[in-house]
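Engineer: This structure is in structure tokens; I'll ask about it shortly.
None of the figures in this text is laboratory data; all of them are computed from the coordinates on show. Since the structure is predicted, the reported quantities are computational estimates derived from the model, not experimental observations. Cβ sites come from the backbone with ideal geometry, for glycine too, and all protein chains shown count toward neighbours.
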Amino acid sequence: MALLFVLVLWPNCAAEVTPEVLAAREWRTWGGPGGAMANAGPASLHPVVKPGDTIFLRAYNGNFLGVRDFKVNAKASPKASAEAFRVEKRSIGDIYHGDRIFLTNTNGFRLEVNGSEVTALSSHMGPRQELVIERNGAMSQPIAVGDTIFLRAHTGNHIDVVGETVKARFPRQGMGYHAFVVEKQPR
Ligand SMILES: *[C@@H]1O[C@H](CO)[C@@H](O)[C@H](O)[C@H]1NC(C)=O
């Protein structure tokens, strides 16, 4: 009973360390131009999210945002390569509520929104790839691990997860399907 409780609270405790999880840790699967690397430093050492860091975005259902065959979904809970994103920003410094960011998957392609579709088709840094990161409360603190964030696209709609499906259909109302918890590798 107690063990079940712990597993429900911390689903990641049970996550298997597969080769994909190790690859995400080392960012070995980078396929982008220039062989750029991301800092996959662990949450315990680097709680604040800096441009260039590797993060994972956990949806309400415990699954992470991920990219498979250029499609964006929320299928898996291990922190594997498909779920690893490098955070970028046009200016230097920490990332705050309201900043415009880019999220690059280990395939080298950036999340983008076209209408209600969310994909990762190219390494462009245009308006469709630009996402405004938002947070409830404590606005003067930079975004850090454990924060709940929302991603607003150029369309004004926020990225949502329903089951394994990822879209950008509505302006956010409260939390729920639009909320992502920022995580990094535990160690
Ligand atoms: C955006 O989506 C529409 C409708 O699915 C499609 O026709 C168009 O090619 C897409 N544009 C880009 C740039 O992906």
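Engineer: Can you give me the distance in nm between label points at residue 116 and residue 94, each placed 7 Å from the Cα along the Cα-to-Cβ direction?
Structural biologist: 3.7 nm
Engineer: By its C-alpha gyration tensor, with a ≥ b ≥ c as the square roots of the eigenvalues, how is region 40-187 shaped: rounded for a/c under 1.5, else prolate for a/b larger than b/c, else oblate?
Structural biologist: Cα axes put region 40-187 in the rounded bin.
Engineer: If you add up the charges near residue 165, with Lys and Arg at +1 and Asp and Glu at -1, over every other residue whose beta carbon is less than 13 angstrom from its beta carbon, what do you get?
Structural biologist: Value of the local net charge: +2.
Engineer: Tell me, 94, 53, 69, 160 in order of fewest to most beta-carbon neighbours within 10 Å?
Structural biologist: If I rank by nearby Cβ atoms, fewest first, I get 69, 94, 53, 160.
Engineer: Once you place label points 7 Å from the Cα toward the Cβ at residue 164 and residue 139, how far apart are they in nm?
Structural biologist: For residue 164 paired with residue 139, the spin-label model returns 3.9 nm.
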